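The values are calculated or read from the model by the stated rules, or taken from the named source; none is laboratory data. Computed from a prediction, not measured in an experiment: that's the story for all the values here. Cβ: placed from backbone, ideal geometry, glycine included. Neighbour counts: every protein chain shown. These accessible areas exclude ligands, DNA and RNA; they are computed on the full protein's heavy atoms, side chains included. Shrake-Rupley method; radii C 1.70, N 1.55, O 1.52, S 1.80 Å.
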Amino acid sequence: MGEIAALLAALTWSATSVALTSLAARTSPVVLSGLRLGFGALAMPPILLASGQQHTIAEAPVATLAQVIASGALGYGLGDTLYIAALDRLGMQRAFPVSMALYIALTVVFGVILLGEPFSWGLPAGAVLIGAGISLIVIPASPAARIPPPAVASPQPAPVLVQAPRAAAPPGIAGYALLAGVGITWAAATLWLAAASGDLGAIAAGTIRTPAGAVALLGFALAFQRPQLAAPFRSRRHLAAIALAGLVGTTIGSLLYVYAVVTAGAARTAILSSTSPLLALPLSIAFLGERLTPRILAGTLLCVAGIVLVVT
């Protein structure tokens, strides 16, 4: 059952990325990330009560709670917002495999260096494959090899989960910075949580971290992006899609991953969840109209192979 949960978590993250890519075209990244986390946070307290882990929050030291909250603000608040911006700028086929590869590789490598986790020679070998895969994905092919996308008239707003085909912009310096920022931020938040959580249960930690990210982002949006914050509330369909992304991606996906780690082990779960980029490819083609190129497919396969070497 743990292996099935890991694969379901991977599929959940892939589907959520499709929804976020579509929504990001019409919603500020800060607002989208904040509302998604807010809706996800609403589902966490009942799950916490059902798990019986609420006492770990009351018993945890103040320093532990503060660091868990800070890790949530860093990972959910800053990291997820950068990821949504990368999705909108670069498309899911570039942003998803690269950010996932960097996140997992950095987490494992610095887990060895900073937290004393076991070392294996798969770490440098995986890093080489991940680097090669990232190069194929983010470095565009020669101009002669590119085929311009067909012009598509779109006088009406596209449905929530369907976009007119469009070519992702070349990464450029800002695109590279976004991709690096996502992987580094997610990894830093994960390592911080691992070092600081102590005896705090996984569900209890999630119940604290998720609202922390939501409050930080929605507070920023309320202060500096009020028109953008109000925009999603004008469409029930738009708001429902954001709420669904929060429930599926933030709540269900995280719980499936935690269950998989407990029952199947961290290494096996990481390997199975690393299939997310592959699962994302057909979804991005079917629902976002993104073009699958041989370079992106090869780069994604190399990233997944590198992740497997890193975590085994």
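Please go through region 189-227 and give me each residue that is in contact with a Ser or Thr (Cβ under 8 Å, 6 or more places away or on another chain), among the small types (Gly, Ala, Ser) and closer than 15 Å to THR81 by Cα, ordered by number. First the steps, then the outcome.
Narrowing region 189-227 to residues in contact with a Ser or Thr (Cβ under 8 Å, 6 or more places away or on another chain): 189-193, 196-201, 203-206, 209-210, 213, 217, 221, 225.
Filter once more, so that each one left must be among the small types (Gly, Ala, Ser): 189, 196-198, 201, 204-206, 213, 221.
Passing the criteria: ALA189, GLY213, ALA221.
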Exercise. Just give me the residues in region 94-131 being within 17 Å of the chain's Cα centre (by Cα) and open to solvent by 10 Å² or more (accessible area, probe 1.4 Å), in sequence order.
Key: ARG94, MET100, LEU102, TYR103, ILE104, ALA105, LEU106, THR107, VAL108
Quiz item: Residues in region 19-41 that are farther than 20 Å from LEU74 by Cα and open to solvent by 20 Å² or more (accessible area, probe 1.4 Å): how many?
Solution: 2
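Would you confirm, using the coordinates I've provided, whether ILE208 is in a helix (DSSP H, G or I) and over 18 Å from the mean Cα position of the chain (by Cα)? Walk me through it before giving the result.
Details: in a helix (DSSP H, G or I): yes; over 18 Å from the mean Cα position of the chain (by Cα): yes.
In short, yes.
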Exercise. Note down all Cβ pairs under 6 Å where the first residue falls in region 261-289 and is surrounded by fewer than 19 Cβ atoms within 10 Å (Cβ to Cβ), the second is assigned to a loop (DSSP other than H, G, I, E, B) and at pLDDT 75 or above, and they're at least six residues apart or on different chains.
Key: ILE285/LEU292
Quiz item: Restricting the search to region 219-254, which residues are touching a residue at least 12 places away in the same chain (Cβ under 8 Å), within 19 Å of ALA73 (Cα to Cα), open to solvent by 50 Å² or more (accessible area, probe 1.4 Å) and not aromatic (Phe, Trp, Tyr)?
Solution: LEU247
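Look at region 24-79 and say how many of its residues are farther than 30 Å from PRO232 by Cα, assigned to a helix (DSSP H, G or I) and of a type in the set (A, V, I, L, M, F, W, C).
Number satisfying all stated conditions: 8.
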Practice problem: Name, by its number, the condition in (1) modelled with pLDDT under 80; (2) surrounded by fewer than 20 Cβ atoms within 10 Å (Cβ to Cβ) that does not hold for SER197. | Solution: (2)
